[in-house]
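The values are calculated or read from the model by the stated rules, or taken from the named source; none is laboratory data. As the structure is a computational prediction, the values presented were derived from the model and not from experiment. Cβ placement follows ideal geometry from the backbone for every residue including glycine, while neighbour counts extend to all protein chains displayed. When the accessible area is computed, the model is the full protein with side chains, heavy atoms only, and any ligands, DNA or RNA have been set aside. Shrake-Rupley method; radii C 1.70, N 1.55, O 1.52, S 1.80 Å.
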Amino acid sequence: MFAYALLVCLPMLAFSQPDLLATQEFDRFDVDLDGNIEPREVQQYFRRYDTNGDNEISRQEYRVEVESHHIHNQEVQRVLLRFFDEIDFNNDGILDQSDFNKFFANADANQNNLVNENEFTTYFHQLTGGPVVGPAVG
């Protein structure tokens, strides 16, 4: 019986992990925890990862931060590094404010100058190749 329950639950666990990761990343952006990401919060996120204060986030700076938060999960590290690569819109190996501005504009599906969790999760999965799980809500 336990083995059957485990077989039934494993696929759900596999698909819920990407949404958990998207939610965690959304929460890192949503500094004031109001359920929306605003442009100023994107700037705060940017400054958090720009550890040397040069107004750029190198892939190395980002990788160090990702590895420190997800030290034992190489799959999550891989997904988040893919996220970095995808929002590096000019492919120069560095994220700058223009990359984050474009990321925000692309994620803001309804163009209301706010990115809610659904918009973020949908765009995050488009970028990283993960599935969108659960109902779409506005």
- Are there any pairs with C-beta distances below 6 angstrom linking a residue in region 30-56 that is at pLDDT 95 or above to a residue that is aromatic (Phe, Trp, Tyr), with the two at least 6 apart or on different chains, and if so which? ILE37/PHE29
- Task: Could you grab me the full set of residues in region 26-36 that are surrounded by fewer than 19 Cβ atoms within 10 Å (Cβ to Cβ) and either of a type in the set (Gly, Ala, Ser) or in a helix (DSSP H, G or I) (or both)?
- Result: ASP27, ARG28, GLY35
- Could you list, in sequence order, the residues of region 18-29 that are among the polar types (S, T, N, Q) and without any contact (Cβ under 8 Å) to a residue 40 or more places away in the chain? GLN24
- Can you pull out the residues in region 73-84 that are without any contact (Cβ under 8 Å) to a residue 40 or more places away in the chain and surrounded by 15 or more Cβ atoms within 10 Å (Cβ to Cβ)? ASN73, GLN77, LEU81, PHE84
- Message: Show me the helices (runs of 4 or more DSSP H) found entirely inside region 37-128 where at least 3 residues are more than 14 Å from the chain's Cα centre (by Cα) and not β-branched (Val, Ile, Thr).
- Response: 39-49, 59-69, 97-107
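Per-residue answers, yes or no, for (1) surrounded by 12 or more Cβ atoms within 10 Å (Cβ to Cβ); (2) at pLDDT below 95:
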position: SER98; (1), (2): no, yes
position: ALA109; (1), (2): yes, no
position: ASN118; (1), (2): yes, no
position: GLN126; (1), (2): yes, yes
position: GLY129; (1), (2): no, yes
position: VAL133; (1), (2): yes, yes
position: ALA136; (1), (2): no, yes
- For region 76-127, enumerate the residues that are β-branched (Val, Ile, Thr) and more than 25 Å from ASP34 (Cα to Cα). VAL76, VAL79, ILE94
- Note on region 52-72: residues closer than 16 Å to ILE94 by Cβ, open to solvent by 50 Å² or more (accessible area, probe 1.4 Å) and acidic (Asp, Glu) are ASP54, GLU56
